[in-house]
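Below you'll find the structure, written out as structure tokens, and then a few comments.
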Amino acid sequence: MRISGGWTGRVLRVDLDRGKHSVQDLSPRVAVELLGGRGFAAKILWDELERGTDPLSPENRLIFATGPLTGLLLPSSGKLVVAAKSPLTGGYGDGNIGTKAAVQLKKAGYDLVVVQGRAPQPSVLVIEDEDVRLEGAGDLWGKSAEEVQDVLEEKYPGAGILTIGPGGERLIKFAVITSEHGRAGGRPGIGAVMGSKNLKAVVIRGTKEIPAARRDELLELGRQGYLAVRDADAYAFWMRQGTMMTVEWCQKNGTLPTFNFREGVFDGWEGISGLTMEREFKVAQKGCPNCNMVCGMVNEIKGGPYLGRRTELDYENAAMLGSNLGIDDMNWVLTLNLFADEQGVDTISMGSVLAFVTEAYELGMISDAKLEGIRPKWGDGEAMLRLAEMLAERRGFGDAMAEGTAKLAKGLGPEAQKFAMHVKGLEISAYDCHTLPGMALAYGTSPIGAHHKDAWFIAWELKMGREVVSREKVESLIEMQRIRGGFFEAAVTCRLPWIELGFDLEWYEKYLHAATGLEFKWDDLKRIADRIYNLVRGFWVRENPSWDRRMDYPPDRWFEHPLTVGPYAGQKLDRGIYDRLLSYYYEVRGWDERGIPKKSTLRDFGLDYVIEGLEAAGVRLSE
Ligand code: PTT
Ligand code: SF4
């Protein structure tokens, strides 16, 4: 088979130790079997990392991966997967960032860039078609992600720019990669991996046409797609509030994380709602490339230390830096959000760590002396900012905070671990699950830890009924994972047209056909999604040969402490029900009772090499 469009067919390899780069052909078989993005990244990490590789060592791979739809003139196609072995979880980690760099990478003629080694000094990787070079970062090192973006935009007009902030340099375990003042990706610490490689930024500029097998057809389908997006019923409201509409929705459904996920409703929710943002703070709107849904809501801060400055806000940030910290003042939410962006650290994890520290302090598990006299309490934005500064500078106790909630809690003992809100080490994004066993299962089984990317089952579950415990519920959760984390992370295009506006999934079959010339039906795409997930699970198990089902459990809090206020007061998850759902999940996936893929499942997906690798690591596999 020959690649004739969609993919460029080329992989750029950069070895920072040797200061060299090379270009490889993308195997057409890998392209067809794993599609792109997460699929390619998982295969590279499986093939090239020894078990036990330190994620912050030069041996780890930092991967920037597009997919066959990325960059083409199709709705919301300006997305890029950034991946590596995660320093936060020790497992497979990735994120998805909307950025010009995605489009420019394809225009430069590459499907993906794989970076290994460590540059001898802080550097900027510049990719301009065939001209690939490493430039000294000079005084950019130490600067905020925002400042670096400005400097490099001026120096390389039109380029796509990916950068880390001081958080990535200081190897904060949940440092992200940022782009274009407000886009951020790589929650499981992919920014720290970039920092460990001494890479401050990557600049990409391309001049080629992105190949498409049936270009005229693609352009026409793209044109129709943009119109379908624009004409969707939900479009007008989406353009007003974007993801921020979710604050009110979660409050109404009793799922808005509040006081470190103790509660699912927050009295002060209106202060941080989409409507408040729209009426009082929103000053502009911007989006990722090739998108006519432009959901980047730019807000101006009206009080506090960042008075007059601007920052983009999404739902996850508003909830994790607002209700989950007991903060009802939008100015403090925006301030903490801007601080996280400047430092280049994940808002969700930072919010979770701050909430955990506040609760542990309240319970007397952390002394005043450790917090340099800061006395965190719910709703106190100023104290939260001061704690965040300690964290970002790794100052004193901030050093432990920078390791993430799981490790921090471990240091404080078993009681503290019960309210450490993470799965597999990745902090939970902003949906409380006391009343949602299906959504809790989705977090529990998400391929990178508790991220809503693969876990946003909440709307489906509310339709089916929270109380329903059935195999059908689990099947529909897996169906959702196949589409969200499977298809969209492999085709590498934004999922929001589908999720938010009901853009029909059939468009994507047509787009893939026009882009690649190959027929991919949804049955094929779901099989690819399952293949990728089995490969990712194989990676996790190889790293943890004594893997068992407890790795797929959500935190104790949701099982042990019922909600105390709101319409669902008194409710909590039931361990027996969770275990039953988890067993259904394993059955449907073809995994054994420990959550390890069976040999027959791996063979069925052509993953015989995973069988060999797991057995070599001493994992006993079921037939
Ligand atoms: C994503 C996670 C999210 S998801 C949000 S808000 W969201 C947080 N945003 C952060 C931020 O901002 N600054 C910061 N310092 N940290 C942040 N951490 C959090 O990161 C994102 C949009 C959004 S906004 C969502 S849901 C959708 N995510 C997609 C996805 O994952 N895949 C895909 N194919 N399409 C998606 N479309 C939407 O993209 P991570 P972005 Mg992000 C300021 O990457 O690691 O997955 O974490 O990429 O360009 O900002 O767009 O209510
Ligand atoms: Fe980016 Fe939002 Fe458009 Fe998705 S919908 S591509 S996140 S602007």
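The values are calculated or read from the model by the stated rules, or taken from the named source; none is laboratory data. Small disclaimer: the values here were computed from a predicted structure and weren't measured. All Cβ positions, glycine included, derive from the backbone under ideal geometry; neighbour counts span all protein chains shown. For accessibility, only protein heavy atoms count, side chains too; no ligands or nucleic acids. Shrake-Rupley method; radii C 1.70, N 1.55, O 1.52, S 1.80 Å.
Specify which of the listed residues (G158, G182, G138, G142) is open to solvent by 10 Å² or more (accessible area, probe 1.4 Å), away from ligand 2 (no atom under 16 Å from the Cβ) and at pLDDT below 95.
Values: G158 fails: at pLDDT below 95; G182 fails: away from ligand 2 (no atom under 16 Å from the Cβ); G142 fails: at pLDDT below 95.
Going through G158, G182, G138, G142 in turn, the sole match is G138.
Out of the helices (runs of 4 or more DSSP H) lying entirely within segment 128-219, which hold 2 or more residues that are free of Cβ contacts under 8 Å to residues at least 40 places away in the same chain? Steps first, please.
Values: elements: 145-155, 166-169, 190-196.
Answer list for segment 128-219: 145-155.
Can you name the residue in segment 73-85 that is away from ligand 2 (no atom under 13 Å from the Cβ) and not charged (D, E, K, R) and is also farthest from S179 (Cα to Cα) among such residues?
Going residue by residue through segment 73-85, those that are away from ligand 2 (no atom under 13 Å from the Cβ) are 73, 81-85.
Those still in the list that are not charged (D, E, K, R) too: 73, 81-84.
Working: L73: 20, V81: 13, V82: 12, A83: 15, A84: 18 Å.
If we take residues in segment 73-85 being away from ligand 2 (no atom under 13 Å from the Cβ) and not charged (D, E, K, R), then L73 is farthest from S179 (Cα to Cα).
Exactly one of (1) open to solvent by less than 10 Å² (accessible area, probe 1.4 Å); (2) more than 16 Å from ligand 2 (Cβ to nearest atom); (3) polar (S, T, N, Q) is unmet by S476. Its number?
(1)
For the structure I just gave you, tell me whether W547 is in contact (Cβ under 8 Å) with a residue 60 or more places away in the chain, over 30 Å from S4 (Cα atoms) and either away from ligand 2 (no atom under 16 Å from the Cβ) or basic (K, R) (or both).
yes
Quick one: would you say A212 is at pLDDT 95 or above, within 16 Å of ligand 2 (Cβ to nearest atom) and over 25 Å from I428 (Cα atoms)?
On the way: at pLDDT 95 or above: yes; within 16 Å of ligand 2 (Cβ to nearest atom): no; over 25 Å from I428 (Cα atoms): yes.
Answer is no for this residue.
Kindly indicate which of G242, G254, G287 is open to solvent by less than 10 Å² (accessible area, probe 1.4 Å) and within 14 Å of ligand 2 (Cβ to nearest atom). Lay out the reasoning, then the answer.
Details: G254 fails: within 14 Å of ligand 2 (Cβ to nearest atom); G287 fails: open to solvent by less than 10 Å² (accessible area, probe 1.4 Å).
Of G242, G254, G287, the one residue that is open to solvent by less than 10 Å² (accessible area, probe 1.4 Å) and within 14 Å of ligand 2 (Cβ to nearest atom) is G242.
So in segment 258-272, with the set limited to residues that are open to solvent by 20 Å² or more (accessible area, probe 1.4 Å) and not hydrophobic (A, V, I, L, M, F, W, C), which one is nearest to G322 (Cα to Cα)? So that I can check it myself, show each step before the final result.
Quick first cut of segment 258-272, residues open to solvent by 20 Å² or more (accessible area, probe 1.4 Å) only: 259, 262, 265, 267, 269-271.
Of the ones still in play, those that are also not hydrophobic (A, V, I, L, M, F, W, C) are 262, 267, 270-271.
Working: R262: 14, D267: 12, E270: 11, G271: 9 Å.
Applying the filter and picking the extreme gives G271.
Which of the residues spanning segment 379-394 are surrounded by fewer than 23 Cβ atoms within 10 Å (Cβ to Cβ) and touching a Lys or Arg at 6+ places or on another chain (Cβ under 9 Å)?
The answer is A383, E389, E393, R394.
Please identify the pairs in which a residue from segment 478-500 that is in the same structural domain as I528 (by TED's automatic domain parsing) and on the phi > 0 side of the Ramachandran plot has its Cβ atom under 6 Å from the Cβ atom of a residue that is more than 8 Å from ligand 2 (Cβ to nearest atom) and not β-branched (V, I, T), counting only partners at least 6 apart or on another chain.
V492/G36; V492/G37; V492/G67
Filter segment 203-239 for residues that are open to solvent by less than 10 Å² (accessible area, probe 1.4 Å) and within 19 Å of G502 (Cβ to Cβ) and give the result.
Scanning segment 203-239 gives G222, G225, V229, W238.
Which of the residues spanning segment 360-378 are open to solvent by 10 Å² or more (accessible area, probe 1.4 Å) and assigned to a loop (DSSP other than H, G, I, E, B)? Before the answer, list the steps.
Here is the first cut: in segment 360-378, the residues open to solvent by 10 Å² or more (accessible area, probe 1.4 Å) are 361-365, 367-370, 372-373, 375, 377-378.
Within segment 360-378, L363, G364, M365, S367, D368, E372, G373, R375, K377, W378 meet the criteria.
Considering M293, M297, M244, which residue is more than 27 Å from A360 (Cβ to Cβ), within 24 Å of the chain's Cα centre (by Cα) and in a helix (DSSP H, G or I)?
Values: M293 fails: in a helix (DSSP H, G or I); M297 fails: in a helix (DSSP H, G or I).
Just a single option satisfies the conditions, and that option is M244.
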